[in-house]
Every structure is written in structure tokens, then in C-alpha cells.
Amino acid sequence: MEIQQKLQQRLQQRLIMTPQLRQAMHILQLPILELKALMEEELINNPLLQEQLDEEKDKNETEETSQEKNEEIKELDSKWDEYLQITKSPKKYTQEERERRNYIESSITKPISLQHHLAQQLKETDLKNLDKEIAETIIANIDDDGYLKADINEIAHILDTNKEKVEKILLIIQGFDPVGVAARNLQECLLLQLRDEKTPARPDQQKAGRNDALLEKIINEHIDDLANKRYHKITSSLKISDEELRNKIHIIEKLEPKPGRQYASTEFNFIVPDVIVKKVGNDYKIIVNEKELPILKITPSYKKLLQESQKIDKTTKYIKEKLTSAEWLLKNIRHRQDTIYRVTSYIVQRQREFLDKGAGHLKVLTLKDVAEATVLHSSTISRVTSTKYIETPRGIFKLRYFFSGGLAKTSDLLEDETEITASRNVKNLIKTLFEKESHNHPLSDQRMTDFLNKQGYKIARRTVAKYREQLGILPSKMRRTL
């Protein structure tokens with residue numbers, strides 16, 4: 001076979017992703033705080049961009065915005081007047097109260113960790129040398145829930161000591177606050193709390209608690225049966241009545257399965273909505289959030305320099321390149337805001353009943369519906385709604401919340417007519433029914449399916465099970481109580 005080189009003409013269509021188009025798609029997808037970070041980065045990297053000063057922002061405010069601000073100021077003034085009325089006669093504090101208040105104010109900081117709390121208690125003991133080193137190793141291996149995750153034998157091997165010595169130090173750590181800390185499993189954690197001698201017994205522990213052999217047997221031998229609601233197996237094995245078991249369960253329920261969680265560090269993720277919907281009279285006003293964003297503009301002096309330049313050198317080429325970059329950035333940001341407004345306008349129009357009446361009135365809505373109504377591509381709608389939040393009179397939601405699949409529901413009047421009901425509405429109905437169920441005889445997935453079918457919803461049992469799991473509801477056997 002002879003190999004030859006040929007020249008051929010071929011006609012084909014290809015989408016070439018220019019840097020500007022790539023940037024437009026990227027900006028469209030960004031939530032507001034990430035867009036703010038991008039704009040601040042561009043402000044540093046591009047000398048042709050500058051942030052509009054506060055004085056210029058004030059000049060550009062509309063009368064409507066000014067009126068809103070005046071109303072807010074009046075409201076604040078009235079609240080401030082009320083505060084002054086309340087505090088007109090200041091309370092005189094004693095020296096002890098002043099010291100307590102100063103201590104509290106100086107203590108306001110982020111909460112301490114469990115390890116730090118345990119280390120502080122360790123300082124109050126008389127442990128030294130190897131004993132102290134063992135204690136520190138144990139504390140370092142306690143997780144955020146308060147459980148010891150290292151094996152006793154491993155600690156003994158690492159510190160070149162014996163298992164008995166580590167066990168002895170572990171007992172000391174297990175006597176620290178919070179009660180139940182440094183346990184190796186759930187059973188030990190619960191038993192440590194029941195046997196705690198440092199705190200007075202609770203009223204429910206007077207008859208059954210610290211020295212209750214039956215309670216300890218339930219925890220040691222039947223903790224899995226308890227977790228899986230296999231109450232009949234427990235009563236049969238221990239030869240006790242349902243009433244006796246119920247009393248023991250009430251005691252166990254008051255124990256803390258994760259003693260360290262009160263010291264767990266909590267991070268707050270604040271949601272900044274990309275678009276705000278306000279009700280004005282009988283209509284809804286849509287505001288694309290720009291308050292969080294810096295207002296950028298192109299520095300006029302560079303434009304003037306470029307216009308007056310008679311020759312093309314490295315400087316003018318650089319300025320021209322940065323000018324093009326700045327113009328495209330501003331254009332793409334404006335395109336993002338306009339697209340968000342168009343998409344949100346249609347969502348508000350379609351979901352008007354939800355905004356007026358709340359949950360249970362959500363209409364079926366797909367990306368394709370919005371794309372056809374706004375004359376935008378489905379991928380564009382997906383980018384706009386994937387990571388953004390909307391603030392409404394009903395609360396803050398992801399824009400994706402308003403998109404839902406549908407279920408067929410047979411009409412009571414016309415058997416052949418079907419109406420599409422949002423699956424989210426069905427979930428709300430399932431949730432309501434589960435909340436009203438009998439705790440002794442919880443609804444099974446099949447019973448729920450039969451009920452929905454009688455109501456006219458064409459839904460399978462596996463779909464009910466899927467919705468139940470999405471709602472975070474346990475199976476019926478796990479929800480049963482004595």
C-alpha cells in the first residue's frame with residue numbers, strides 16, 4: 001500500500017472559544033461573592049480599571065433608592081429614640097457586677113476546642129513526666145465528638161510503656177469534663193455518664209441510673225437492637241415488660257452520645273443573594289444585587305493617552321490590550337446582570353402562586369421552559385441558576401429550588417385529563433403525613449403509596465422511598481416507638 005500526501009479542501013463548522021467568550025461563560029456562572037473577588041483581582045492587575053468613588057456613587061443614585069434610604073434612616077432614628085427613652089436613667093452597677101461584666105466582655109472570642117478544654121484540666125492534675133506524656137497523647141487522639149480514636153496498645157508501644165499504665169491514665173482523663181469524654185465506643189460513653197460520681201444524680205436516676213444492672217445490660221448487650229427499634233427482641237431476651245423498657249429508654253435518651261460536640265467549632269456560611277425579589281403592592285420587584293460589588297470604570301486619562309499617541313510602540317500596545325480586556329470585563333458583567341434579571345423575571349412570573357401562598361403551590365418548571373421563554377440556551381439557564389441564591393418574601397432559596405420535575409395526577413372530574421403536579425409538592429405532602437403519623441404504628445412506604453394513589457397521584461412505592469430518603473425520614477421500623 002502506497003502512502004501519499006494530498007491537499008484537500010473541507011468545509012466544516014467549529015465553535016472557537018475566544019478568551020472573551022470563555023470569560024463571559026465563567027462570569028455568568030459565578031455567585032456574587034466570587035464575582036466580587038474576580039473584580040477586585042482585575043482591579044489590581046489592570047491599571048486601566050478604577051473603582052468609582054463613594055461621591056460618584058451617591059450622584060448616580062436614583063430618587064427611588066434615596067427615598068428607600070431616607071425611610072430606613074427614619075426607622076433607625078425612631079428605634080434610637082426608643083432606646084434613649086429606655087436608657088434615660090442608667091442603672092447603677094455594683095463593683096462586683098462591673099467586674100463580672102468586664103470579665104464577660106473580655107472573654108468574647110471564638111469558642112475553645114475540646115482538646116484545649118481537656119488540656120486546661122490536665123494542668124490542674126499532679127501528673128508528671130511519663131504520666132503527663134501519656135495523658136497528652138490520649139487527649140491528642142480524641143476526636144471532635146469526644147471519642148478516643150487511638151488503640152491503647154498502640155499508645156503503650158509508642159511511649160514504650162505497658163498497657164496497664166495507659167489504662168490508668170485513661171481513667172483519669174475519662175473523669176474530666178465533659179462527662180463521657182475519652183470513651184472508646186458508644187457503650188462506654190453512656191456508661192461513664194451513668195456512673196458519674198461528680199455530679200448529683202438526676203431525678204430519673206434515683207431509682208434507675210448509676211447502679212442499675214438492667215440499664216447497663218441494655219447498653220452493653222442490646223445497643224444495636226435499641227438503635228434499630230427491635231424492642232420485642234430486648235423484652236424477650238431480658239424478660240421485662242414494655243413499660244420497664246420504656247422507662248430505661250427515657251433515661252438513655254437523656255444521655256449525650258457525642259459529649260464533645262458542645263466544643264465543636266462551628267463555621268457560619270453567610271449567604272449573599274444574587275437577586276432580591278420584593279413585594280410592592282400587588283406586584284413583585286426584581287433587584288439584581290450589586291451592593292456587594294465594586295463599581296468599576298475605565299480610567300479616562302489612559303483613553304486620552306491612546307487617542308493622542310501618534311505611533312504604535314510597546315506602551316500603546318500594552319494600553320490597547322488592557323483597554324480591550326477592561327471593556328470586555330465590564331461588558332460581560334453587565335451581560336451577567338441582564339441575564340440574571342431575565343431568567344428571574346420569568347421564574348417569578350411562573351411561580352407567582354408560590355410567592356403569594358407558599359409551599360405546596362410550586363409549579364413544574366424546567367430549564368427548557370425558561371430557555372424557550374427567554375430565548376436563551378438551556379446551558380445558559382443552567383449556568384445562571386446553578387450556584388446562585390434568590391431572596392424572596394418567602395425566604396432565601398437557591399434558584400434551582402424553583403425547578404422541579406412533575407408527577408401525573410388524575411383529575412376527579414375528567415378521568416382522561418391529567419395535570420402535572422410538582423414533585424416538590426408531593427414531597428411536602430409526604431412530609432406532612434409522616435409528621436401526623438402514629439408513633440406506635442408509623443406509615444410504611446407501601447401504605448403511603450396506597451394513600452397517594454387514592455388521592456390521584458400516580459406514584460410508585462420506590463419513588464415514595466426515594467422522596468422519604470431525600471427528606472431525611474427513616475424507614476418505618478426505625479421510627480416506631482414504644
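We did not get these values from a lab; they are worked out from the coordinates using the rules stated. What you see is a predicted model; the values in this text were computed from it and never measured. A quick note on method: Cβ atoms are made from the backbone with ideal geometry, for glycine too, and the neighbour counts reach across all protein chains shown.
Here are a few things to note about the model shown:
- Gyration tensor (alpha-carbon) shape descriptor, region 114-263, a/c threshold 1.5: prolate
- Local net charge near residue 261, Cβ-Cβ under 13 Å (Lys/Arg +1, Asp/Glu -1): -3
- Applied to region 294-301, the Karplus parametrisation 6.51 cos²θ - 1.76 cosθ + 1.60 on θ = phi - 60° returns per-residue 3J(HN,Hα) values of x, 8, 9, 8, 8, 5, x, 4 Hz, with x for Gly and Pro.
- Using θ = phi - 60° and Karplus 6.51 cos²θ - 1.76 cosθ + 1.60, couplings along region 152-160 (whole Hz; Gly, Pro as x): 4, 5, 5, 4, 4, 5, 5, 8, 6
- Unsatisfied cross-links (Cα-Cα over 25 Å) in the set 278/363; 279/436; 239/477; 36/314; 248/427: 279/436; 36/314; 248/427
- 5 angstrom amide H check on residue 404, placed H, neighbours 5+ away: 365
- A simple rule links phi to the HN-Hα coupling: the Karplus curve 6.51 cos²θ - 1.76 cosθ + 1.60 with θ = phi - 60°, which for region 433-441 gives 5, 5, 5, 9, 6, 6, 5, 7, 10 Hz, with x for Gly and Pro.
- Computed about the Cα centre, the dipole magnitude for region 296-404 is approximately 280 debye when only Lys and Arg (+1) and Asp and Glu (-1) carry charge, each at its Cβ.
- Cβ-defined net charge surrounding residue 40, 14 Å radius [Lys, Arg +1; Asp, Glu -1]: -4
- Proximity of backbone amide H atoms, modeled 1.01 Å from N, is registered between residue 183 and 148 at under 5 Å, excluding neighbours fewer than 5 places apart on the same chain.
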